[in-house]
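Bear in mind these aren't lab numbers, they're just calculated from the coordinates by the rules spelled out. This structure is a prediction, so every number in the text was calculated from the model and none was measured. Don't worry about glycine lacking a Cβ; one is built from the backbone with ideal geometry, like all the others, and counts go over all protein chains shown.
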2 protein chains.
Amino acid sequence: MDILFATSNPHKFEEAAAFLGQRGIRAARLPFEHRELRSDNLEEIAREAVDSAYSVCGKPVFVEDTGLFITALNGFPGTYSAWAQKKIGNKGILKLLSGAGDRSAFFETCIAYHDGKSVSFFSGRCAGTIAEAARGTSGFGYDPIFVPEGHPQTFAENILLKNNISHRYKSLLEFSKSLEP
Amino acid sequence: MDILFATSNPHKFEEAAAFLGQRGIRAARLPFEHRELRSDNLEEIAREAVDSAYSVCGKPVFVEDTGLFITALNGFPGTYSAWAQKKIGNKGILKLLSGAGDRSAFFETCIAYHDGKSVSFFSGRCAGTIAEAARGTSGFGYDPIFVPEGHPQTFAENILLKNNISHRYKSLLEFSKSLEP
């Protein structure tokens, strides 16, 4: 089965294509520069984006939107995670959390899939904490500062672990199951 | 002359109505809950918002969009200033700047006015620095941490000064001049 993944982010595409490939689903990238909706809701953002992507390509296509939600920062950077990463980076997040007692956070991904008729959603969440300092070089974005629950390493220190427990993994798993004949 | 100001922010309305009132322009508030465009450009955001407001009220109406742009943070929080204020507050901005050599920043306001035929823009900028700690209780938002260039006090410590030199003042001044018969 072939499917399009509309994304401007090559890292996201690589992670998703590798996962889906193992399940016999061949993903092609639809380069997609799209102005996202301004919203605090991942599903709402993904919904609008996949409608837009489908109107461009006219073929079954999915998008995903991911955010890092930090408890002590009222959910910041949330749905603006990519933007905040560009502006203040992991260094900024660590500064914001200096002295914070609660370092809990979660990543959440929402996949929206347009099959030509309707849109389905597949969400995945990964709970954890924000490390005291950036560690590791794998992955991208906030991976060097995110420590998944029950593990000592950051995502960037253990990319194999990331790819088997992450928010993106979980949402892709549900999504791939839905595609099974 | 009567004019509508479409805004969800009562503080902004008060500042603008007081200023315009002194110049014989009576501003009424159009309560306006609007999903802003996701953009790094104030004028683009204001343009879309005033078109939307005009489509609601069908009368001459203006909107304004304001951002605080901090040099050391690559322009953060910029066009997302209201959102960032809710999430991380002035405390968060001060943390982000701890140890920063460069504390320069500017406020910018862009007014977009729809006169029923076309849209005009009026921008105002106020340069300054971010204080080491919050001071003062007047104003709103980032006023307690913004020190305008050439003055020792924050906007929140000297609201009269703010109302005579601010980004909003400058943009309102240009706007009011354009309305003179």
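GNM on chain B, alpha-carbon springs under 10 angstrom: the most fluctuating residue among B:Pro144, B:Pro60, B:Pro152 is B:Pro152. Centroid-to-centroid, using Cα positions, segment A:1-67 and segment A:118-181 are 17 Å apart.
What does a probe at B:Val119 reach in segment B:59-78, counting residues whose amide N is under 12 Å from the point 7 Å along Cα→Cβ? Hits in segment B:59-78 for B:Val119 at 12 Å: B:62-65. Take the alpha carbon gyration tensor of the protein assembly as shown, find the square roots of its eigenvalues, order them as a ≥ b ≥ c, and report rounded if a/c is under 1.5; if not, report prolate when a/b exceeds b/c, else oblate. Oblate. Structure remark: mean-square fluctuation, Gaussian network model of chain B, C-alpha springs under 10 Å; the largest value among B:Asn158, B:Asn74, B:Asn90 belongs to B:Asn74. A Cβ-based charge dipole, computed about the Cα centre of chain B with Lys and Arg at +1 and Asp and Glu at -1, lands at about 320 debye. With label points defined 7 Å past Cα in the direction of Cβ, position A:Gly21 shows copy-to-copy spacings of 6.7 nm, given to one decimal and shortest first. Here the Gaussian network model covers chain B, with springs between Cα atoms less than 10 Å apart; of B:Gly101, B:Gly139, B:Gly58, B:Gly101 fluctuates the most. Across all Cα atoms of segment A:2-179, the radius of gyration (one decimal) and Dmax (whole number) stand at 15.9, 50 Å. Loop-located GluC sites (Glu not before Pro) in segment B:1-78 (DSSP state other than H, G, I, E, B) with a sparse environment of at most 11 neighbouring Cβ atoms within 10 Å: B:Glu33.
In this calculation the C-beta distance from A:Leu173 to A:Glu132 is compared with R0 = 22 Å, giving a FRET efficiency of 0.10.
Taking 0.36 nm per residue of separation and subtracting the current Cα-Cα distance, fully stretching the chain between A:Gln22 and A:Glu43 would add 5.0 nm. For segment B:116-167, applying the loop criterion from DSSP together with a ceiling of 12 other beta carbons within 10 Å to the GluC sites (Glu not before Pro) yields B:Glu132, B:Glu149. Considering helices alone, the calculated mean residue ellipticity of chain B at 222 nm is -10500 deg cm²/dmol, with DSSP H runs of length four and up weighted by -39500 (n - 2.57) and normalised per residue. With 21 Å as the limit on Cα-Cα distance, the pairs of A:Lys87/B:Lys87; A:Lys12/A:Lys170; A:Lys91/B:Lys162 that go past it are A:Lys91/B:Lys162.
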